[in-house]
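All remarks here apply to the structure that follows.
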Amino acid sequence: MGYFYINQKYAPSINDFYIKYFNPYLNFHRPCGFATIKTDSKGKQKKIYTTYLTPYEALKKIPNAKRFLKPGVNFNLLDQISMQQSDNEYANIMDEEKTKLFEKIGMSPVDY
């Protein structure tokens, strides 16, 4: 959304989209690559991507990860959020909401 002008009056709608749809999609449903650094005999470092997890799955793998959660939030609650829809179902929901948002802003599908 950073490549074209968007009127400030749409900022609340964009923030709602990010909070309700886009951020949960990224955190719970879209895998990211996590690098392992390999050093060769000459000391050159190379990043190798063999681990792909969602940020939430990666958080759960951290020892004693509970300490990073806000008060009142626990892994049972977060697990429920992550399991409400499949990854593909949530991607479709997020895409539909993005289309609605862009139509509201007055952009054509070609613009995004």
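Taking the criterion of being over 18 Å from the mean Cα position of the chain (by Cα), farther than 30 Å from F4 by Cα and surrounded by 10 or more Cβ atoms within 10 Å (Cβ to Cβ), would at least one residue in region 82-96 satisfy it? No; the residues of region 82-96 include none that is over 18 Å from the mean Cα position of the chain (by Cα), farther than 30 Å from F4 by Cα and surrounded by 10 or more Cβ atoms within 10 Å (Cβ to Cβ).
For region 52-77, a residue qualifies if it is surrounded by 14 or more Cβ atoms within 10 Å (Cβ to Cβ) and either in contact (Cβ under 8 Å) with a residue 40 or more places away in the chain or not in a helix (DSSP H, G or I) (or both), and the qualifying residues are L53, T54. Please indicate, with yes or no, whether at least one residue in region 16-23 is touching a strand residue (DSSP E or B) at 6+ places or on another chain (Cβ under 9 Å), surrounded by fewer than 15 Cβ atoms within 10 Å (Cβ to Cβ), at pLDDT 95 or above and among the aliphatic types (A, V, I, L, M). The answer is no; no qualifying residue exists. In this structure, is R30 closer than 30 Å to M107 by Cβ and either among the basic types (K, R) or assigned to a helix (DSSP H, G or I) (or both)? Spelling it out, R30 is indeed closer than 30 Å to M107 by Cβ and either among the basic types (K, R) or assigned to a helix (DSSP H, G or I) (or both). Does Y49 qualify as being under 30 Å from Q85 (Cα atoms) and among the aromatic types (F, W, Y)? Yes: the conditions hold for Y49. All conditions in (1) in a loop (DSSP other than H, G, I, E, B); (2) of a type outside the set (V, I, T); (3) closer than 14 Å to D87 by Cβ hold for S41, with the sole exception of (3).
Taken over region 24-44, the criterion of being hydrophobic (A, V, I, L, M, F, W, C) and surrounded by 10 or more Cβ atoms within 10 Å (Cβ to Cβ) is satisfied by L26, F28, C32, F34, A35.
Figure legend. Inter-residue proximity from region 93-105: first residues at pLDDT 90 or above, second residues surrounded by 16 or more Cβ atoms within 10 Å (Cβ to Cβ) and not in a helix (DSSP H, G or I), beta-carbon distance below 7 Å, spacing 6+ or different chains. Indicated pairs: I93/Q85.
The values are calculated or read from the model by the stated rules, or taken from the named source; none is laboratory data. What you see is a predicted model; the values in this text were computed from it and never measured. Please note: Cβ atoms are built from the backbone with ideal geometry, for glycine as well, and neighbour counts cover all protein chains shown.
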